[in-house]
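The values are calculated or read from the model by the stated rules, or taken from the named source; none is laboratory data. Every value quoted in this text rests on a predicted model; they were computed, and no experiment measured them. When we count neighbours, we look across all protein chains shown, and the Cβ atoms used for this are built from the backbone with ideal geometry, even at glycine.
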Amino acid sequence: MPAKRTRQRRRVPAALLAPAVVGLAFLILPLAGLLARAPWTELPARLTEPAMLDALRLSLATATTATALSLLFGVPIAWLLARGDFPGRSVLRALVTVPLVLPPVVGGVALLLVFGRSGIVGSWLHERFDVTIPFSTTAVVLAMTFVSMPFLIVSVEGALRGADLRFEEAAATLGAGRWTVFTHVTLPMIAPGVLAGAVLCWARALGEFGATITFAGNFPGRTQTMPLAVYLALQSDLEAAIVLSLILLAVSVVVLASLRERWTAVA
Amino acid sequence: MRTGFALALTACLSLAALTGCGGSDASGTTTLTVFAAASLTEAFTEIGDRFEAEHDGVTVEFNFAASSDLAAQITEGAPADVFASADQGNMDKVVDAGAAADPQTFALNQLVIAVPEGNPDGVTGLADLARLDFAACAPEVPCGAAAQTAAEGTDLTPVTYEADVKSTLQKLTLGEVDAALVYRTDALAAQDEVDAVEFPESAAAVNAYPITALADAPEPDLAAAFTEYVLGDDARTVLETAGFQRP
């Protein structure tokens with residue numbers, strides 16, 4: 001499909017270049033500030049600290065689970081919003097983005113009011129099955145999913161709206177069922193949008209702080225993710241907090257960059 | 001040092017536009033700037049009103065925040081007259097930076113076990129926490145350090161180590177835990193919803209609140225007078241009503 005690729009470098013118009021450079025400087029300078037202030041000599045000792053490794057492992061596992069849940073539920077929601085034909089669709093679309101606007105701490109309180117021990121759903125779970133969600137790893141995943149799923153939904157919905165409907169219609173005309181059309185035609189077409197949404201979702205989940213500390217509390221090894229560990233380190237030791245943040249940043253950059261390599265290799 | 005000065009100057013200039021930056025303004029009122037720990041908000045607001053009533057033409061302005069933030073602002077040169085900290089550690093930072101000398105303890109705060117109103121689980125002491133879900137502050141913050149000291153030798157483990165005393169109490173008022181280790185003053189401020197159970201072990205982890213006039217106070221005489229006043233009987237009554245103890 002793509003035209004012959006030219007090796008020649010494209011010139012960037014000055015009107016785009018100037019604001020891009022200013023914007024990049026604004027995004028990158030705070031990171032440079034962290035790097036400049038980091039006590040590099042402490043890094044090896046921090047890297048082998050069991051508490052830090054626990055927090056990092058927990059962060060990666062919960063963010064990945066939250067992304068998987070967001071894919072499972074978010075893609076169908078995006079399909080409904082993009083292709084569904086029902087009254088109140090625009091209201092529903094606005095409601096889906098509520099977690100984006102809500103301060104995460106308020107989101108955490110809202111989750112407690114529903115899934116907490118005395119919450120609407122939580123009290124029932126507690127009495128029927130003796131299950132309490134707050135202060136557990138499940139609560140971390142729920143908090144992350146609540147905050148990050150809208151990013152995936154918005155991306156996937158955008159991709160669905162941009163996709164050419166004629167391919168789906170052609171497949172249907174040739175006798176493909178609706179599910180087959182979705183899995184064999186629609187999904188491959190919107191794959192880049194789904195992946196971009198999943199990356200946004202994962203990154204947002206990894207950095208999640210407010211909803212997590214409010215809904216899941218802070219317990220090392222169980223609910224203390226990296227952002228929580230960073231925040232508590234900040235109370236007593238700025239340098240330790242910087243080292244922890246840089247470790248989290250480095251790990252996420254490595255993960256995202258290696259994933260990107262793989263996609264571009266496939267594409 | 002140079003940035004410290006520049007910061008102080010900027011802060012002073014911007015404050016001057018708003019408040020007169022200490023010193024006297026045209027109408028003859030003098031402003032005293034007090035940096036005080038967030039847990040002192042209610043008590044110090046009342047003390048400030050009383051101090052103003054006794055000193056004609058004096059306005060007391062407060063900056064209430066976490067002691068660690070206040071200490072950082074003062075050492076960076078913010079124009080304050082008086083510093084009242086919720087713990088010794090942050091006061092030490094200010095003294096070590098040469099911004100103050102001779103702080104004096106004016107109040108003590110002790111941990112209590114906060115329980116829902118009516119004490120439904122019949123909590124009478126620290127040992128009862130073993131059978132309950134309870135919240136405590138993280139050891140990195142002063143109330144958590146106190147909780148750790150008080151529970152020394154027991155194997156009590158909270159379900160969560162909260163980032164500050166207010167969110168620890170919030171877990172109780174939201175009904176997510178059966179008890180919470182918080183300061184007596186915080187339990188008293190929420191007395192409509194919680195009861196406070198005293199426990200003898202908390203005597204090992206009393207938090208001392210030091211106060212001092214600052215070396216670079218724009219109003220040194222008034223700063224000294226306010227510090228005296230906080231240490232006096234009148235202010236002590238206010239502090240005790242809020243749940244603080246006499247040093």
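Here are the numbers:
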item: The range A:160-176, residues that are loosely packed, with under 12 Cβ neighbours inside 10 Å and over 17 Å from A:G84 (Cα atoms); result: A:T173, A:L174, A:G175
item: Sole residue being in a helix (DSSP H, G or I) and either touching a residue at least 12 places away in the same chain (Cβ under 8 Å) or in contact with a Leu (Cβ under 6 Å, 6 or more places away or on another chain) (or both), chosen from B:D234, B:D192; result: B:D234
item: Matching helices (runs of 4 or more DSSP H) fully within the range A:121-199 where at least 1 residues are over 27 Å from A:V105 (Cβ atoms) and in contact with a Pro (Cβ under 9 Å, 6 or more places away or on another chain); result: A:137-162
item: Options B:V82, B:V123, B:V115: the member that is buried (at least 18 other Cβ atoms within 10 Å of the Cβ), closer than 30 Å to B:A223 by Cβ and among the β-branched types (V, I, T); result: B:V82
item: Residue match in the range B:150-166 (condition: among the polar types (S, T, N, Q), crowded, with 16+ Cβ neighbours inside 10 Å and not assigned by TED's automatic domain parsing to the domain that holds B:T237); result: yes
item: Qualifying residue in the range A:209-228 (condition: within 21 Å of the chain's Cα centre (by Cα), more than 14 Å from every other protein chain (Cβ to nearest Cβ), outside any helix (DSSP H, G or I) and touching a residue at least 60 places away in the same chain (Cβ under 8 Å)); result: no
item: Hits in the range B:129-155 (condition: in a loop (DSSP other than H, G, I, E, B), over 19 Å from B:P116 (Cβ atoms) and more than 9 Å from chain A (Cβ to nearest Cβ)); result: B:A151, B:E152, B:G153, B:T154, B:D155
item: The range B:167-189 - residue that is touching a residue at least 12 places away in the same chain (Cβ under 8 Å), within 30 Å of B:F83 (Cβ to Cβ) and among the polar types (S, T, N, Q) and, of those, surrounded by the fewest Cβ atoms within 10 Å (Cβ to Cβ); result: B:T185
item: Residue selected from the range B:133-144 under the condition in contact with a Gly (Cβ under 9 Å, 6 or more places away or on another chain) and more than 16 Å from A:T212 (Cβ to Cβ), by the criterion modelled with the highest pLDDT; result: B:A136
item: Helices (runs of 4 or more DSSP H) wholly inside the range A:1-91 containing at least 3 residues that are more than 30 Å from A:G221 (Cβ to Cβ) and without any contact (Cβ under 8 Å) to a residue 24 or more places away in the chain; result: A:14-37
item: Top-ranked residue of the range A:199-221 - restricted to ones that are farther than 15 Å from A:F146 by Cβ and small (G, A, S), ranked as surrounded by the fewest Cβ atoms within 10 Å (Cβ to Cβ); result: A:G221
item: Qualifying residues in the range B:159-185 (those that are part of a loop (DSSP other than H, G, I, E, B) and over 24 Å from A:V121 (Cα atoms)) - the one farthest from the other protein chains (Cβ to nearest Cβ); result: B:D164
item: Sole residue being closer than 23 Å to A:S245 by Cβ and either away from chain B (no Cβ under 14 Å) or modelled with pLDDT under 95 (or both), chosen from A:L92, A:L58, A:L72; result: A:L58
item: Count of the range B:208-231 residues which are assigned to a strand (DSSP E or B) and surrounded by fewer than 20 Cβ atoms within 10 Å (Cβ to Cβ); result: 1
item: So A:A233, is it surrounded by 18 or more Cβ atoms within 10 Å (Cβ to Cβ) and modelled with pLDDT under 90; result: yes
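Let's see how each residue does on (1) buried (at least 20 other Cβ atoms within 10 Å of the Cβ); (2) over 14 Å from the mean Cα position of the chain (by Cα); (3) free of Cβ contacts under 8 Å to residues at least 24 places away in the same chain:
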site: B:A72; (1), (2), (3): no, yes, yes
site: B:A86; (1), (2), (3): yes, no, no
site: B:V94; (1), (2), (3): yes, yes, no
site: B:A107; (1), (2), (3): yes, no, no
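Residue-by-condition table, conditions (1) surrounded by fewer than 19 Cβ atoms within 10 Å (Cβ to Cβ); (2) more than 22 Å from A:S59 (Cβ to Cβ); (3) among the basic types (K, R); (4) away from every other protein chain (no Cβ under 14 Å):
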position: A:V98; (1), (2), (3), (4): yes, yes, no, yes
position: A:V105; (1), (2), (3), (4): yes, no, no, no
position: A:V114; (1), (2), (3), (4): yes, yes, no, no
position: A:S118; (1), (2), (3), (4): yes, yes, no, no
position: A:S123; (1), (2), (3), (4): yes, yes, no, no
position: A:V131; (1), (2), (3), (4): yes, yes, no, no
position: A:P134; (1), (2), (3), (4): no, no, no, no
position: A:T137; (1), (2), (3), (4): yes, no, no, no
